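Remarks on the structure that follows.
The values are calculated or read from the model by the stated rules, or taken from the named source; none is laboratory data. If you're wondering where the values come from, they're calculated on a predicted model, not measured in any experiment. A quick note on method: Cβ atoms are made from the backbone with ideal geometry, for glycine too, and the neighbour counts reach across all protein chains shown.
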Amino acid sequence: MHLAPRLLTLLLLIATPLVAAEPTAKPVLKITPGQVVIPFDRMQRPWGELISLDLATRTGKFRRESNDEIVSFTVMPYAELLHHATNGDLQDFRVGERAIFRLHENERGEWVWLTYIQDEMNMFNGHKEFFYVDHIDSAKRELTCTQANFDQSFVREKGIVINTDADTRYWKNGEPAKFDDIKQGDKLRTKTHGVGKGKVRIAWEVFLDEASLLKFQAEQKEVHNARIRRDGAPGYVDTASGDQLALTLFHEGEVQVKALKVNQPIRVAPAGVDRKPTTEPVEAVVQEAKMAGRLCKLTVRLKQPSSAFVPTQLARVWAIAPP
């Protein structure tokens, strides 16, 4: 008889369905002033034609290729500006250039925050894709191509028309070439611009081989690294108190970041919306420099206390002397 209550309890446990714990909801990422936040869970990445850029306010406009809508955007200070298949800055991009624009919503639900511009060369190089030449119209100097990966196991799009004109330049083995050097079956990469409507592509540059694109990439790396050496590595001010300063340096400044070591003398200056220094740089010493993903968390001691540095605003850091 004593087993009956225990048996009843056991039967009840077996019959009672187990309720699974509800999964913990992921925090909703939002663009936050003074923080490097990229809401990958909610973004748009349209192809578009660059219409305008204001370097002072770091704002601009582009035209969506899919529907000709004109989109205004504000470039986040930490945005990846990928030009010629490597790091760049706004001044590297040309009006008319076709690119991918990564957008996020502001507090009013407007898609205006921009966290990267990826040029055509970077997209093709990063995805290891090419234009395979299906047809050549020599009279129109026009190419019809299939966009696919390196072994054509993945085809992104067929029937793409690439137009050329008197300003188009052709490259083979890093040297000037000509339209007639292109043969059916060749695999190309391009840098193209639009015409103000639709998905028309007119080539500024046509690369007949990978060596030619990589030459452009190497030249851009030299330009960008020289710029960072001269202008300093950009980043956010995290905290500022007396002679203590904590910063988050963006990935684009890696040529400076790689030179940072504990006890190393550096120079640092506050910067404005245009990311240019607003005062003369002051001397400081590195107390800690550690990588957090692609960002650098930097703690420094200023030679003299300063009130010029404001949390959530920008700064520039020089670890090595400018050229």
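Please work out which residue is farthest from the chain's Cα centre (by Cα), limiting yourself to segment 247-286 and to residues that are closer than 16 Å to Arg58 by Cβ and of a type outside the set (A, V, I, L, M, F, W, C). Residue satisfying both the conditions and the ranking: Thr278. Only one of the numbered conditions (1) acidic (Asp, Glu); (2) at pLDDT 95 or above; (3) out of contact with any Ser or Thr (no Cβ under 9 Å at 6 or more places or on another chain) is violated by Glu97, and that is (3). Only one entry in Gly159, Gly126 is touching a Ser or Thr at 6+ places or on another chain (Cβ under 9 Å), in contact (Cβ under 8 Å) with a residue 12 or more places away in the chain and among the small types (Gly, Ala, Ser), namely Gly159. For segment 74-126, which residues satisfy the criterion of being part of a helix (DSSP H, G or I) and among the small types (Gly, Ala, Ser)? Within segment 74-126, Gly126 is the sole residue that qualifies. Any residue at all in segment 253-273 that is in a helix (DSSP H, G or I), touching a Pro at 6+ places or on another chain (Cβ under 7 Å) and small (Gly, Ala, Ser)? For segment 253-273, residues in a helix (DSSP H, G or I), touching a Pro at 6+ places or on another chain (Cβ under 7 Å) and small (Gly, Ala, Ser): present.
The set of residues from segment 277-286 being without any contact (Cβ under 8 Å) to a residue 40 or more places away in the chain and surrounded by 11 or more Cβ atoms within 10 Å (Cβ to Cβ) comprises Thr278, Thr279, Val282, Glu283, Ala284, Val285, Val286. Restricting segment 55-70 to residues that are surrounded by 13 or more Cβ atoms within 10 Å (Cβ to Cβ) and without any contact (Cβ under 8 Å) to a residue 60 or more places away in the chain, the residue that is farthest from Asp238 (Cα to Cα) is Arg64.
Among the residues here, Thr239 does not qualify as assigned by TED's automatic domain parsing to the domain that holds Leu314 and farther than 19 Å from Val36 by Cβ.
For Arg267, state whether it is surrounded by 15 or more Cβ atoms within 10 Å (Cβ to Cβ), closer than 30 Å to Gly174 by Cα and among the charged types (D, E, K, R). Answer is no for this residue. For segment 109-124, enumerate the residues that are under 10 Å from the mean Cα position of the chain (by Cα), closer than 10 Å to Thr74 by Cα and not polar (S, T, N, Q). The one that is under 10 Å from the mean Cα position of the chain (by Cα), closer than 10 Å to Thr74 by Cα and not polar (S, T, N, Q): Leu114.
One residue alone among Phe150, Phe179 is among the aromatic types (Phe, Trp, Tyr) and under 27 Å from the mean Cα position of the chain (by Cα), and that residue is Phe150. Of the residues Asp181, Asp165, the single one that is assigned by TED's automatic domain parsing to the domain that holds Lys128, loosely packed, with under 12 Cβ neighbours inside 10 Å and in contact (Cβ under 8 Å) with a residue 24 or more places away in the chain is Asp165. Just checking, how many residues over segment 287-322 are over 27 Å from the mean Cα position of the chain (by Cα) and either in a strand (DSSP E or B) or crowded, with 21+ Cβ neighbours inside 10 Å (or both)? Within segment 287-322, residues that are over 27 Å from the mean Cα position of the chain (by Cα) and either in a strand (DSSP E or B) or crowded, with 21+ Cβ neighbours inside 10 Å (or both) number 4.
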